[in-house]
Amino acid sequence: MSRPTTRSKNKRHRQVENDDTTSEILRKIHATGQINDDDVFQLYMITKPVCQGCRVNTKDNPNCFCGLIPPPNGSRKTGLWQKMSDIVQAFGPDPFKDLRASAYSPAGLTNLGATCYANSILQCLYMNKSFRQGVFSVEPDILEQHPVLDQLARLFAQLHASKMAFIDSAPFIKTLELDNGVQQDSHEFLTLLFSLLERCLSHSKVTKARTIVQDLFRGSVSHVTTCSKCGKDSEASSKMEDFYEVELNVKGLKTLDESLNDYLSVEELHGDNQYFCESCNTRVDASRSIKLRTLPDVLNFQLKRYDFLQKTTTKKKISSLFSFPGELDMRGRLSEPSQVELIYDLSAVLIHKGTAANSGHYIAHIKDENTGLWWEFDDEHVSNLGHHPFGEGSSTSNTKSIRTEPVVYSSCIGVDGTANGNHLDQIQQQHAESSIGSHAEIFSSTDAYMIMYNLRCNKKNDMRGCTMYSANCMELEGDVVFLHDGISLPSHLFQEIKDLNSSYDDACEQYKLKKERELEHITARRQEVRSVLSEAPVHSVEEPFYWISTDWLRQWADNITPPVLNNTSIQCFHGKVPVSKVGFVKRLSAKAWMKLFSKYNGGPALAKADYCMECLIDVARTVVCADSYRDRRKLMKEIADNVLLGKCVDGTYYVSKAWLQQWVKRKTLDAPSEADAGPTMSITCPHGHLMPEQAAGAKRLLVPEKLWLFFYEDAITIKPDEPSGCSTFPFDFQECPECSNALSEVACLEDSIRAVKLKQRQNHEKLATGKSIPLSLNCKYYLVPSTWLSKWRSYITASGKNISSMEPEILDGIINLLKCEKHLRLLERPPKVVYKRGSYFQKSSTIG
């Protein structure tokens, strides 16, 4: 059984005892006019002991300094005693958090809402060193003429040399006029971007820059149709078409090799699909296929993961597991045998996360050509994946790396076999023309949307992918700056990045200095507060002390930057401390006061002897008067109770009955209040006379003369300028004749109306009550609207305040509403008549 709580009860008892003691002292001061030291000690609570360990700062003890600061390990939500982490957060964003991990770590791009598709493509392009250097080699005047190209160069320059961990992509996105709130397809974006860049770069005089998009990403195919009769190819078969990506089916296919076989497969044309051969001059069976003629340095495979549903006219994402190798030999895929090795290394995987075609999130896994490390680019966040596209030791359900078992396969047939969990397998590739074996890792993903391969540099090759920009660097030697990885920046871009980095360094340094300065200030302030509060208590009445405002002391202890010392709120008109402010002051030792006063100035200084004698005497007089008023009011309340109970027979003055009822319910106060005004206001008519009692709200009672004088005294005290609110009406005061006559006229009119209604109810009793009236064959009956009949019934049955309710319209005008204007016939059928219990009755209808 828990212990009953008595803490609050004891506190209330102590408060009552203190109030009684204070009242006795003040009565004595009022009676004698003398004040001694003991009286001051008691009234100002100087002798109360110094608090130890209170949970909150108490107002009834000027020696209590508890609760002004939190415990040693505590904190507060605001001010000086917040957690240091919260204080630091209030300084604003920490620019050091935006610092790139190292000069060799890639930077991210900000997502402006739904621009992850653009960010992923831009990172894939930037991480291609050849493309990056090509953009940097464009002449400044060409950049000025083409804003998109200019913003791309600036973006790449910041990604390359800025110290920031992520770059704002807004200038480039705004230049393209893209809606950053709408998700778009990354493949469509890349296609449109290539087309735009080709047009912009065509104006450059730098050879490799002018054709950088074509040189890196463009290959060629031809659509070959062969007649099965004569064996000749169609004329269109010799035409070569450019491609920048190879679109591959993934539905029902498990590997990149299977998708390439499907892409290059032969289609038979027969039946309705027969081909018209010009050589044979007739429709014949034929075969049709795609032939790869040339391959680009960057081979981009676009995986068709969206399947169009004809029934719903929507796209559905295909989330089947798809495998692709880390190294790809494309020599056997060309239509004509190549003398040069075409080994491609996996360089980027663009991933679409999500199940819907028109939403989700794009990220990119890209390989750094310098270090061989893979990085995950997820907008602003860039993560190191190690030497594997999906992270070393990755075992997630949607992406994994697999090493296949060694198998022999033809370059036209592709990989034969499936991945076994997370086991690493090997594939030994055998070409039709060579038997060179190699080890290749296989990677799988359910979300891979675009796969990029870079042609491997080989000394036996023409080395176009390795040294293609050395000539350009020499050409622009006077206007470029070479950076750590051999990439050169135009001088104007280098200076811009240098200025941005310098500005960033300044911001970091300023933040660092501000943080150090503020934290040092806060630490010093906390030490100051603890030191002063430890010296604040005054342990004896003989020691000198100073009064200080509790409100200011709390602000000083709570705020990081405290205000000027201000004691004016605890001063009276005489410039001293009145007894009424005891709950708002603290006694401060002279040592603690001097520390505060010397540092924060202000004041005024209110010392031990600065208690106000004049205010103390005035308070004593007020308390005694309040006691007297309280006693008088209690006596008057007893008399008022008797008046309301009808036990008072010596009433001589009228007051409002409603006002008196409310007055009795109010608590006994020390002085009259606003509600004590107007005891006769509601019974005073507009002419200033006594309102007739028949009027609404004019009920009144007679009260004894001494009670009336008490009411009148309070009312005049509260509102001395409104004597009309307390008009005096003796018992023989006549009611206002004008108001009486007006009420008589209204009463006569109501009596007349009441008599008419009564007569109508008596004459038409059954009609008024709504009862069915039996019909007689020898009587004449009239039709009336039922709506009018309802209004009439409401009118004649109304009583009380509704006696003068709206009278229904005259029947002469209403009857015409039953007939049409043109033929003067009834608009509706009359009510049917039924025979029931030996009499005829009419059924209810809109016509009565």
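The values are calculated or read from the model by the stated rules, or taken from the named source; none is laboratory data. Quantities reported herein were computed from a predicted structural model and do not represent experimental measurements. Note that we place each Cβ from the backbone using ideal geometry, even for glycine, and neighbour counts take in every protein chain shown.
Here are a few things to note about the model shown:
- Contact annotation: residue pairs with Cβ atoms under 7 Å, 6 or more positions apart or on different chains, pairing a residue in region 648-671 that is assigned by TED's automatic domain parsing to the domain that holds L701 with a partner that is of a type in the set (S, T, Y) and surrounded by fewer than 13 Cβ atoms within 10 Å (Cβ to Cβ), are Y653/T728.
- Looking only at residues in region 333-355 that are in contact with a Leu (Cβ under 8 Å, 6 or more places away or on another chain) and outside any strand (DSSP E or B), the one that is surrounded by the fewest Cβ atoms within 10 Å (Cβ to Cβ) is S335.
- Residue within region 778-800 that is closer than 30 Å to P692 by Cα, among the β-branched types (V, I, T) and at pLDDT 75 or above present: yes
- Residues being modelled with pLDDT under 90, within 24 Å of Y263 (Cα to Cα) and not hydrophobic (A, V, I, L, M, F, W, C) - total across region 193-240: 12
- Cross-chain or 6+ apart pairs with Cβ under 8 Å, region 593-604 first and under 18 Å from T561 (Cβ atoms) and at pLDDT 90 or above, then of a type in the set (D, E, K, R) and assigned to a helix (DSSP H, G or I): K595/E535
- Residue that is surrounded by the fewest Cβ atoms within 10 Å (Cβ to Cβ), among those in region 578-591 that are out of contact with any Ser or Thr (no Cβ under 7 Å at 6 or more places or on another chain) and at pLDDT 90 or above: K591
- Among the candidates L143, L109, L80, the residue that is in the same structural domain as Q214 (by TED's automatic domain parsing) and either under 30 Å from V56 (Cα atoms) or without any contact (Cβ under 8 Å) to a residue 40 or more places away in the chain (or both) is uniquely L143.
- The lone exception for L588 - which of (1) outside any strand (DSSP E or B); (2) touching a Phe, Trp or Tyr at 6+ places or on another chain (Cβ under 7 Å) it fails: (1)
- Among the residues of region 162-185, those that are more than 27 Å from the chain's Cα centre (by Cα) and either modelled with pLDDT of 90 or more or among the charged types (D, E, K, R) (or both) comprise K163, F172, T175, L176, E177, D185.
- Scan of region 640-662 for residues that are buried (at least 16 other Cβ atoms within 10 Å of the Cβ) and among the small types (G, A, S), ordered by number: A640, G651, S656
- Pick from region 296-316, criterion surrounded by fewer than 19 Cβ atoms within 10 Å (Cβ to Cβ) and of a type in the set (D, E, K, R), ranking: modelled with the lowest pLDDT: K311
- Residue pairs whose Cβ atoms lie under 9 Å apart, separated by 6 or more positions or on different chains, with the first residue in region 308-332 and assigned to a strand (DSSP E or B) and the second surrounded by fewer than 14 Cβ atoms within 10 Å (Cβ to Cβ) and of a type in the set (S, T, Y), are F308/T314; K316/T355; K317/T355; E327/S438; D329/S438.
- Residue check, S656 more than 30 Å from P49 (Cβ to Cβ), at pLDDT 85 or above, of a type in the set (S, T, Y) and under 57 Å from the mean Cα position of the chain (by Cα): yes
- Exactly one residue among D499, D505 is acidic (D, E), touching a Lys or Arg at 6+ places or on another chain (Cβ under 8 Å) and not assigned by TED's automatic domain parsing to the domain that holds A609, and that residue is D505.
- Which numbered condition K59 misses (of (1) within 30 Å of D179 (Cβ to Cβ); (2) touching a Gly at 6+ places or on another chain (Cβ under 6 Å)): (1)
- Criterion violated by K637 - all others in (1) in contact with a Cys (Cβ under 6 Å, 6 or more places away or on another chain); (2) surrounded by fewer than 18 Cβ atoms within 10 Å (Cβ to Cβ); (3) part of a helix (DSSP H, G or I) satisfied: (1)
- In the set N358, N370, only one residue is within 30 Å of H160 (Cα to Cα), surrounded by fewer than 19 Cβ atoms within 10 Å (Cβ to Cβ) and of a type in the set (S, T, N, Q); that residue is N370.
- Scanning region 235-251 for residues that are surrounded by fewer than 16 Cβ atoms within 10 Å (Cβ to Cβ) and in contact with a helix residue (DSSP H, G or I) (Cβ under 6 Å, 6 or more places away or on another chain) gives a single hit, N249.
- Options A118, A103; residue that is in the same structural domain as E177 (by TED's automatic domain parsing) and loosely packed, with under 12 Cβ neighbours inside 10 Å: A103
- Sole exception among (1) surrounded by fewer than 20 Cβ atoms within 10 Å (Cβ to Cβ); (2) touching a Lys or Arg at 6+ places or on another chain (Cβ under 9 Å); (3) in a loop (DSSP other than H, G, I, E, B) for G678, by number: (1)
- The residues of region 514-561 that are polar (S, T, N, Q), farther than 30 Å from P95 by Cβ and part of a helix (DSSP H, G or I), listed by number, are S531, S534, T550, Q555.
- Region 88-112 - residue that is at pLDDT below 90 and of a type in the set (G, A, S) and, of those, nearest to C508 (Cα to Cα): G92
- Hey, A620 over 24 Å from L743 (Cβ atoms), among the aliphatic types (A, V, I, L, M) and touching a residue at least 40 places away in the same chain (Cβ under 8 Å) or not: yes
- Scanning region 683-727 for residues that are of a type in the set (S, T, Y) and over 27 Å from D670 (Cβ atoms) gives T684, S724, S727.
- Residue check for V564: among the hydrophobic types (A, V, I, L, M, F, W, C), closer than 20 Å to A590 by Cα and not in a helix (DSSP H, G or I): yes
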